[in-house]
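Each remark here refers to the structure printed beneath this line.
The values are calculated or read from the model by the stated rules, or taken from the named source; none is laboratory data. Just so you know, these numbers come straight off a predicted model, no measurement behind them. Because the Cβ atoms are built from the backbone with ideal geometry, glycine has one as well, and the counts that use them run over all protein chains shown. Please note that ligands, DNA and RNA were not included when accessible areas were found on the heavy atoms of the full protein model with its side chains. Shrake-Rupley method; radii C 1.70, N 1.55, O 1.52, S 1.80 Å.
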Amino acid sequence: MDSKLVVSPSPHVHSGESTSRLMFNVVLALMPAFAVSLYYFGVGALIVTLLSVLSCVLFEYLIQKFILKVQPTITDGSAIVTGLLLAFNVPSNLPWYIVVIGSLFAIGVAKMSFGGLGSNPFNPALAARVFMLISFPVQMTSWPLPIESRLKYIDAITGPTPLAILKEGLKKGDTISQIADQIPSHLQLFMGVMGGSLGEISALALLIGFAWLLYKKVITWHIPISIFTTIFVFTGILWLINPEQNADPIFHLVTGGVMIGAIYMATDYVTSPMHPKGMLIFGIGIGLLTVIIRVWGAYPEGVSFAILIMNAFVPLINRYVKPKRFGEEVKRNG
């Protein structure tokens, strides 16, 4: 009987998904947040977003075409997603040249210098945001007020974010009760009526996108839910211990970059663990670091730093939770 068993390398089943399709679904998921940013910040949000996306696509094309001398892959949509996420993590009045510099860092340094899509150890948009925050601290912490700044760009009316108000108030010795009048209600925070990066303000819009990504099976629940749960539990304990010195857990969930970070950047395929158990460890780490930085650190916000720090631990997490391999030769004694 002359029959052969042919075993080919995995994967043996193809889901039909492609990089471009996955990126397209991420772009669709970000559209509710983009619509809200246009409503609250108007022309500034439009200019910064378009400039960021176009710059990222252009830099990726130029670097691949003329420096790496490989076939450009801008059609896969990853540069568009990077541009959107970068724009969503900066103020809507950020000068155009800083947006371009940030795009160059995201694509040229955080992505292409490591080999392009699939090889970068850190999320490109977050790496660029931190670089911009360190390089241009004044411009990166100037927050336009929603609605009042719709028709303005560089000369927008600015004000502090809820997290900054909380941080400064506690530093001066005020209690939460005394600070509460300066902060929008939880419902307003949930809807996005506050200062902040143009794409992070509306938890509602970001959660709509989260539901879409889950429905299309672009991401799983493990990382976002573990981040949300960890932040809720950790801040809840602090709040129960001393409610006059610690904000309640709902406040921490709907302010700052928790929603956009947990849903759209911590879940990046390249920079997050592969195994569900590893994803939970990864998410818990991000949640803990976020609260530690917010409560005891110098910055009022900590999501970006937390995700980047945990990105560095991903290879170790993958090694720890690596599933058992089948088909290995068993060593026998004797």
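Here are a few things to note about the model shown:
- Checking residue 322 against (1) among the basic types (Lys, Arg); (2) touching a residue at least 60 places away in the same chain (Cβ under 8 Å); (3) outside any helix (DSSP H, G or I), the condition it does not meet: (2)
- In the range 153-173, the residues that are assigned to a loop (DSSP other than H, G, I, E, B), open to solvent by 50 Å² or more (accessible area, probe 1.4 Å) and under 24 Å from residue 44 (Cβ atoms): 154, 155, 157, 160
- Scanning the range 208-259 for residues that are under 22 Å from residue 171 (Cα atoms) and either loosely packed, with under 15 Cβ neighbours inside 10 Å or without any contact (Cβ under 8 Å) to a residue 24 or more places away in the chain (or both) turns up 236, 237, 239, 240, 241, 242, 243, 244, 245, 248, 249.
- Looking only at residues in the range 297-314 that are modelled with pLDDT under 95 and either β-branched (Val, Ile, Thr) or open to solvent by 30 Å² or more (accessible area, probe 1.4 Å) (or both), the one that is farthest from residue 162 (Cα to Cα) is 298.
- Scanning the range 121-148 for residues that are part of a loop (DSSP other than H, G, I, E, B) and in contact with a Ser or Thr (Cβ under 7 Å, 6 or more places away or on another chain) yields 121, 122, 123, 142, 143, 145.
- Verdict on residue 110 being of a type in the set (A, V, I, L, M, F, W, C), touching a Pro at 6+ places or on another chain (Cβ under 6 Å) and either open to solvent by less than 50 Å² (accessible area, probe 1.4 Å) or under 30 Å from residue 145 (Cβ atoms) (or both): yes
- Residues considered: 250, 237. Of these, the only one that is in contact with a His (Cβ under 8 Å, 6 or more places away or on another chain) and assigned by TED's automatic domain parsing to the domain that holds residue 201 is 250.
- Residue that is farthest from residue 293 (Cα to Cα) [pool: residues in the range 143-152 that are open to solvent by less than 40 Å² (accessible area, probe 1.4 Å) and not aromatic (Phe, Trp, Tyr)]: 149
- Scanning the range 285-296 for residues that are aliphatic (A, V, I, L, M) and open to solvent by less than 20 Å² (accessible area, probe 1.4 Å) yields a total of 2.
- Pairing each residue of the range 144-164 that is farther than 17 Å from residue 36 by Cα with any residue that is at pLDDT below 85 and assigned to a loop (DSSP other than H, G, I, E, B), provided the two are 6+ apart or on different chains, yields C-beta distances under 7 Å for 156/149; 157/149.
- Residues of the range 28-43 classified as surrounded by 16 or more Cβ atoms within 10 Å (Cβ to Cβ) and touching a helix residue (DSSP H, G or I) at 6+ places or on another chain (Cβ under 9 Å), total: 9
- Restricted to the range 174-194, and to residues there that are under 26 Å from residue 208 (Cβ atoms) and out of contact with any helix residue (DSSP H, G or I) (no Cβ under 8 Å at 6 or more places or on another chain), the residue that is most open to solvent (accessible area, probe 1.4 Å) is 187.
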